[in-house]
Amino acid sequence: MISELDHIIQKAEVSYLNDSGDNLRLKAQMLIDLGYLEKAFLMNAVSESQVHSAMIEFRIDLDGEIILSKADISAYEKVYGTGANAKLLEKMVDVDEGLQFGNVPAFGDQNLQTRILHYRLNLLGLYDGRVAAAWSALSYTALEKAAIFAGQLKQRTMNLLADLEAYTAAVLKKTGYKNPLLVFESDPHDKIPEYTGAFKRHLKQNLEKHKNVFDALDDTLFFRRDKKVNMSYLYTLKQSETNRFLLRLIQVHQWMAGVYDGVLDGEYGAVTLESLLDVISHYNDEDREHVKTDKLLVRIAGNMYLFNAVHFLISYSHENLSADRTLDTLQVLSESVSGANPDDQQLFEQNFQSEVALINSGESSIPESRNGFLPRLFTGVKTFFKKLFRLAKKLFKWIVEQAQKAIQFVRNVVRMIYSFLKEAVIHFINGVKFLLGKLPVNSIKNRQQGLFTQFDIDKDAVNIALRADEGLIMEHIRRVNQTVGSMQFSLQFIVFLFTSLKSAVLAPVPIAWPLFILKMVYSFKKVIEKYKLINT
């Protein structure tokens with residue numbers, strides 16, 4: 001059994017921990033988002049040392065403000081160890097299950113809370129000032145606009161922006177139904193059909209409970225016989241602030257769903273159009289009523305497009321009402337792997353690991369800018385898996401076949417699962433090493449000074465000291481205490497995983513590795529929920 005455990009540990013380390021572990025790309029992105037690194041459009045000027053310095057500045061701000069309790073921060077450190085600061089940074093930019101605040105900042109306030117609020121407003125295109133700037137009239141106006149679109153008070157809106165699905169549901173009620181159609185210009189696209197009456201009829205169906213809105217559009221925009229629309233009215237609609245805001249909001253949802261990796265700018269170029277077509281195609285892969293493209297997105301004339309936004313906003317609102325589907329999605333994927341033949345299981349593992357290798361190669365470098373801007377990676381878990389769940393049964397096939405129509409989507413799915421898997425593997429390995437008495441903590445200052453502690457679950461820890469000054473002793477005690485705290489989590493995780501672990505190490509046939517890693521991720525997610533961390 002011990003040799004099999006060693007085999008599992010070695011395979012896990014080689015397959016899923018073979019990277020720098022620094023997540024430099026994600027750190028740089030988030031530090032720019034919060035204004036700790038300036039000028040996102042000049043990425044070639046950002047260095048690793050700047051990222052490191054900015055991380056220190058962020059942690060000083062976090063420790064100096066009452067944004068997270070000491071208990072919450074301690075929980076992050078237990079679970080994520082040396083990666084805790086990066087995870088805490090993720091919490092700050094979370095627009096899925098983000099931080100809640102008590103009061104709207106006062107004019108002149110300049111702190112981590114104002115950075116976070118500026119980031120949220122900037123994400124929706126409502127604030128274009130410096131994220132690190134003090135709270136000002138520009139900030140207040142941006143928050144006021146966000147509140148008007150949602151029909152909420154500013155304080156309520158400030159916290160709704162921490163959960164963009166909930167905010168979008170409020171926008172639908174106040175603004176979305178009244179503005180069901182969006183207009184934009186873009187280059188010609190051969191996959192987008194010309195306008196027909198099918199578009200109008202589907203819109204009428206979406207507005208069944210808002211007949212007055214449809215009747216007004218029918219009188220103002222649509223001509224009889226379903227052949228043409230009022231172009232003059234479309235140009236007026238295109239210039240409205242509401243039109244621009246809703247276009248940006250839907251683009252943000254495309255990003256959250258993992259189908260859009262372009263710039264969040266509200267401009268509907270080729271990348272955004274492809275992401276919309278992908279979503280329509282993916283949704284039609286379900287066992288539901290098919291909604292063809294000509295009912296949702298059509299070309300009117302030249303480069304002018306008409307978009308049924310309310311259909312998408314209603315879908316987002318339904319997602320908001322559903323429970324967290326992360327574990328359900330992982331369960332469906334596990335069942336797909338379990339029921340597959342060995343060849344497909346092997347292909348799944350190979351292709352999954354290939355995607356992980358691509359992710360790791362990107363994590364260890366400064367992100368590349370695109371058209372002068374920095375593409376963002378979405379780190380929110382709850383919303384991503386809510387949007388993913390309806391496609392969960394397709395995932396296994398898409399990964400096995402490396403389906404080109406879903407390649408970007410699959411890559412983002414693997415990235416999200418891997419974010420759990422890497423942490424799970426670390427705790428699995430450290431927990432097993434602890435159980436086997438193979439988990440040391442070393443603190444070495446120089447050749448003359450060093451401390452060594454060897455943990456063993458059956459007896460007291462073994463401590464060996466060469467020589468050590470007071471500073472080294474205190475640092476070693478801190479590291480030992482952190483390891484002990486982390487082991488509490490690791491052992492809970494292994495206990496939860498025990499059924500899978502037992503079958504894996506006692507089975508007469510080689511471990512079904514793809515299924516095992518998915519169960520590992522599932523177990524990690526379950527245990528982390530017990531810790532009630534704000535960000536999982």
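The values are calculated or read from the model by the stated rules, or taken from the named source; none is laboratory data. Computed from a predicted model, the values in this text were never measured in an experiment. Every residue, glycine among them, receives a Cβ derived from its backbone with ideal geometry; neighbour counts consider all protein chains shown.
Data table
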{"quantity": "Filter result for the condition that a residue is at pLDDT 85 or above, among the hydroxyl-bearing types (Ser, Thr, Tyr) and over 18 Å from the mean Cα position of the chain (by Cα), over Ser369, Ser336", "calculated": "Ser336"}
{"quantity": "Test for Ala216: is it of a type in the set (A, V, I, L, M, F, W, C) and part of a helix (DSSP H, G or I)", "calculated": "yes"}
{"quantity": "Subset tally (residues that are at pLDDT 90 or above and aliphatic (A, V, I, L, M)) for segment 235-260", "calculated": "6"}
{"quantity": "Subset of segment 212-247 (residues that are buried (at least 17 other Cβ atoms within 10 Å of the Cβ) and small (Gly, Ala, Ser))", "calculated": "none"}
{"quantity": "Checklist (1) modelled with pLDDT of 70 or more; (2) within 30 Å of Asp344 (Cα to Cα); (3) buried (at least 20 other Cβ atoms within 10 Å of the Cβ) applied to Leu501, failing item", "calculated": "(1)"}
{"quantity": "Residues within segment 49-78 that are farther than 17 Å from Phe489 by Cβ and part of a helix (DSSP H, G or I), tallied", "calculated": "17"}
{"quantity": "Hits in segment 315-326 - residues which are aliphatic (A, V, I, L, M) and either outside any helix (DSSP H, G or I) or crowded, with 16+ Cβ neighbours inside 10 Å (or both)", "calculated": "Ala323"}
{"quantity": "Hey, Ile250 touching a Phe, Trp or Tyr at 6+ places or on another chain (Cβ under 7 Å), in a helix (DSSP H, G or I) and crowded, with 17+ Cβ neighbours inside 10 Å or not", "calculated": "yes"}
{"quantity": "Candidate set: segment 261-306, residues that are hydroxyl-bearing (Ser, Thr, Tyr) and surrounded by fewer than 18 Cβ atoms within 10 Å (Cβ to Cβ); chosen: the one modelled with the lowest pLDDT", "calculated": "Tyr283"}
{"quantity": "Cβ pairs under 6 Å, 6+ apart, first in segment 469-497 and within 23 Å of Met520 (Cβ to Cβ), second at pLDDT below 75", "calculated": "Thr483/Val441; Met487/Phe434"}
{"quantity": "Only listed residue being within 30 Å of Ser523 (Cβ to Cβ), at pLDDT below 85 and either part of a loop (DSSP other than H, G, I, E, B) or in contact with a Gly (Cβ under 8 Å, 6 or more places away or on another chain) (or both), chosen from Gly81, Gly98, Gly21", "calculated": "Gly21"}
{"quantity": "Pick from segment 155-211, criterion of a type in the set (D, E, K, R), within 29 Å of Thr379 (Cα to Cα) and in contact with a Phe, Trp or Tyr (Cβ under 8 Å, 6 or more places away or on another chain), ranking: surrounded by the most Cβ atoms within 10 Å (Cβ to Cβ)", "calculated": "Glu165"}
